[in-house]
Every structure is written in structure tokens, then in C-alpha cells.
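Structure first, then comments.
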Amino acid sequence: MGGELRFSEFFSHGAGLTTSLDALLHCEHSGIQHICVVQSPVFGRMLLLDGMVMLTEWDEFIYHEMLVHPALFLLPSPRRVLVIGGGDGGTVREVLRHPSIEHVDLVEIDPRVIAVAQSYFPTVAAGFSDPRVHLHHADGAEFVRSAPSGFYDAVFVDSTDPTGIAESLFGEAFYSECQRVLHATGVLALQSESPLHPVYCQTLPRVHRLLRPLFRHVASYLAPIPTYPTGIWSFTLASRHYHPLEDFSPTNAQQRMECLSGKLRYYTAELHRAAFALPGFVQELISEGLAQPAP
Ligand code: AG3
């Protein structure tokens, strides 16, 4: 197998994901980060930022459906949404499936990510041409600082790992601005990294520590994302008004699912409830983190 093209992303000491590649489709440095698109025989096209897997055609539906739908099905009729990051368009695509949506602001710091997604992942990025979507090339933390109070029904943080350019999107100041721009009944949903990652497992307890003083209800849920580091991923939902399970009506969600544009492949009303049932070690990770003094 000499000369075979391969890609690996290691999360620790040579442990991680490896795949052979059929082709290297695109590679550039945008001035902010390396952006590459590669073709893998099993995962299809893969979007890599600084050598980290952002999405693959094979499993992106799990990540994007699970970031968006638990929050949007909790709200009776979500209209205005803010997406921070998510320049590939997957999160916006899921948001737009809900017929009640009137306005979506997407704030992506790197316009090249949007352009590359439009060329190489046209179905993922399809939502960008929808008139309800407004693109902003800005730093997410700065954008929320200048956004009007109480405007959004939902805020989604679709960021990379909590280092480098994304670091400010995991901070106290940013979360408090997210709370301010949300309507009193609004919901914040964010990706909170893998609970099995040797370093970033600390993201989940940290997110709880920072969000609890700001929101009455803070709860995390899990989904398998096989091409992300460790393969298991956490998301965190926060709201001053809605409890993610007690205020969730499976019957209502089921009815609304019939009216969505397109069919969901992962999220179901049953799965909404199941995803919040956390394994023991994840419950412990969160409660140990809450017992510690704030960093
Ligand atoms: N959002 C989460 C990416 C984190 C993956 N981390 C990694 N591969 N080291 C990606 C954006 C998808 N819209």
C-alpha cells in the first residue's frame, strides 16, 4: 500500500481517527486557519480546519440535528435564531427546516469557510441562499456584544475546540451576552466537547459552572459522532424558562416533525428524552466540576 494517501486526527498520544483518502480536493490558508477538503472512501468528503475534523458527509447529520432540534422542539414557535460559528451551514440547514423560522443571523469569523463549504458541500451549505439567512463575517463574541437584548428565541454555538480563535466562545462574558440577547423564554444550545477527551472533557463541567448562574435550567445530552475525537460528543442546553425534559412534549414534537422541510435521520421525540440520560461518569464529571471553585 505504498504511497497511499492518509489522514489522521489524534486526540492523544497517537490515539484517534485514521482513514485512507481517495483525493485531496482543496487546501488553503485563509489567513485565519488551514482549510482542507479531502475525500475518504467511507466518510465521503471531510472538512478539516487546522487538521481537525469539522464534518464528514457520513455523520454530519448526527451532529447538526442534535445541536439544533432539542432546542427548537422545546420552543413552541421559534422565529429568530442566532448561529455563532457554523460556517459550513449544517446548523443553519437544520434551523431552516422549522417552518416558524423568520430570521437567522449566522456569524462566522472566517468567510473562506463559507466559500469552501458552498463549493464542496453544496447540500450542507444550501441554507445560505435562503432569504431568511443573514451572514455576518465577524467575531462571534463581538457580534453578541452589539446585538439587541431579548431579540433571539434560540442561540446556537457551533464552534471548534475551546482553544485559539474559539476560546472566547467558551467564556463567562460571552455566555452572559448570549443570555442577554435571548428572549426571556429563549434557549441556548452549544457543543460542549467530548466527556472522554483527556483535556477537553473539562469543557462540560466548566460550561455548567458558567451557565448555572445565568440560566435556571442547564442540562447536557450526548450523541455519537464517530469522526470526532473519542467518538462521543456532548451538547448543553440552557434556558431561563423551559426545562429541557419537563417542558418537552413528545406528541407536539411528533406532530411538528411531520411539517418539517425534509426528513430527519437521527433526532426523534423519543431520542430527545433518551439523549439527556447521562452515563454515570458524565454525571460525576459535571457534579465534580460544580463542586470546584470557579477558575
Ligand atoms: N463543530 C465542532 C467541531 C469540534 C470537533 N473537534 C475536533 N475535531 N477536534 C464543527 C462545526 C460543524 N458545523
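The values are calculated or read from the model by the stated rules, or taken from the named source; none is laboratory data. All figures in this text were calculated on a predicted structure; none of them were measured in a lab. Cβ placement follows ideal geometry from the backbone for every residue including glycine, while neighbour counts extend to all protein chains displayed.
Restricting attention to the stretch 253-265, the residues being more than 19 Å from Val187 (Cβ to Cβ) and part of a loop (DSSP other than H, G, I, E, B) number 5.
Determine, yes or no, whether Arg273 is surrounded by fewer than 11 Cβ atoms within 10 Å (Cβ to Cβ) and under 19 Å from the mean Cα position of the chain (by Cα). Spelling it out, it is not the case that Arg273 is surrounded by fewer than 11 Cβ atoms within 10 Å (Cβ to Cβ) and under 19 Å from the mean Cα position of the chain (by Cα).
Of all residues in the stretch 253-286, those satisfying the criterion of being farther than 30 Å from Gly127 by Cα and either touching a strand residue (DSSP E or B) at 6+ places or on another chain (Cβ under 9 Å) or without any contact (Cβ under 8 Å) to a residue 60 or more places away in the chain (or both) are Ala277, Leu278, Pro279, Gly280, Val282, Gln283, Glu284, Ile286.
Determine, yes or no, whether Ile32 is crowded, with 22+ Cβ neighbours inside 10 Å and over 27 Å from Pro250 (Cα atoms).
On the way: crowded, with 22+ Cβ neighbours inside 10 Å: no; over 27 Å from Pro250 (Cα atoms): yes.
Here the answer is no, as Ile32 does not meet what is asked.
Looking at this structure, is Glu172 charged (D, E, K, R) and at pLDDT below 95? No: the conditions fail for Glu172. In the stretch 170-179, is there at least one residue being within 16 Å of the ligand (Cβ to nearest atom) and either closer than 28 Å to Thr19 by Cα or in the same structural domain as Val37 (by TED's automatic domain parsing) (or both)? There is no residue in the stretch 170-179 that is within 16 Å of the ligand (Cβ to nearest atom) and either closer than 28 Å to Thr19 by Cα or in the same structural domain as Val37 (by TED's automatic domain parsing) (or both).
Out of the strands (runs of 3 or more DSSP E) lying entirely within the stretch 1-97, which hold 2 or more residues that are more than 16 Å from the ligand (Cβ to nearest atom)? Quick ask: steps written out before the conclusion?
Working: elements: 6-12, 15-20, 23-29, 34-40, 44-49, 52-56, 80-85.
Ranges flagged: 23-29.
What are the residues in the stretch 178-194 that are surrounded by 24 or more Cβ atoms within 10 Å (Cβ to Cβ) and either within 20 Å of Glu167 (Cβ to Cβ) or free of Cβ contacts under 8 Å to residues at least 12 places away in the same chain (or both), if any? Write out each step before concluding.
Let us first name the residues in the stretch 178-194 that are surrounded by 24 or more Cβ atoms within 10 Å (Cβ to Cβ), namely 178, 182, 186-193.
Within the stretch 178-194, Cys178, Leu188, Ala189, Leu190, Gln191, Ser192, Glu193 qualify.
Restricting the stretch 86-137 to residues that are within 18 Å of the chain's Cα centre (by Cα) and hydroxyl-bearing (Ser, Thr, Tyr) leaves a set whose member that is nearest to Cys36 (Cα to Cα) is Thr123.
Could you go through the stretch 103-111 and let me know if any residue there is over 22 Å from Ala275 (Cβ atoms), in the same structural domain as Gln179 (by TED's automatic domain parsing), within 14 Å of the ligand (Cβ to nearest atom) and touching a residue at least 40 places away in the same chain (Cβ under 8 Å). Taking every residue of the stretch 103-111 in turn, at least one turns out to be over 22 Å from Ala275 (Cβ atoms), in the same structural domain as Gln179 (by TED's automatic domain parsing), within 14 Å of the ligand (Cβ to nearest atom) and touching a residue at least 40 places away in the same chain (Cβ under 8 Å).
A search for C-beta distances below 8 Å between a residue of the stretch 158-170 that is over 18 Å from Met66 (Cβ atoms) and any residue that is near the ligand (Cβ under 6 Å from one of its atoms) and not acidic (Asp, Glu), counting only pairs 6+ apart in sequence or on different chains, returns Ala166/Thr160.
Only a single criterion out of (1) crowded, with 16+ Cβ neighbours inside 10 Å; (2) modelled with pLDDT under 95 is not satisfied by Tyr120, namely (2). Only a single criterion out of (1) part of a helix (DSSP H, G or I); (2) touching a strand residue (DSSP E or B) at 6+ places or on another chain (Cβ under 6 Å); (3) not hydrophobic (A, V, I, L, M, F, W, C) is not satisfied by Ser119, namely (2).
Of note, Val38 does not satisfy the criterion of being assigned by TED's automatic domain parsing to the domain that holds Gln179 and either under 20 Å from the mean Cα position of the chain (by Cα) or surrounded by 13 or more Cβ atoms within 10 Å (Cβ to Cβ) (or both). Scanning the stretch 238-252 for residues that are in contact (Cβ under 8 Å) with a residue 12 or more places away in the chain and either within 16 Å of the ligand (Cβ to nearest atom) or in a loop (DSSP other than H, G, I, E, B) (or both) yields a total of 8.
When the residues of the stretch 187-237 are narrowed to those that are of a type in the set (A, V, I, L, M) and more than 17 Å from the chain's Cα centre (by Cα), which ends up farthest from the ligand (Cβ to nearest atom)? Give the steps one after another, and end with the answer.
Narrowing the stretch 187-237 to residues of a type in the set (A, V, I, L, M): 187-190, 196, 199, 204, 207, 210-211, 214, 218-219, 222-223, 225, 232, 237.
Restricting the remaining residues to those that are more than 17 Å from the chain's Cα centre (by Cα) gives 196, 199, 210, 214.
Values: Leu196: 13, Val199: 11, Leu210: 19, Leu214: 22 Å.
Step by step, filter the stretch 187-237, then rank; the result is Leu214.
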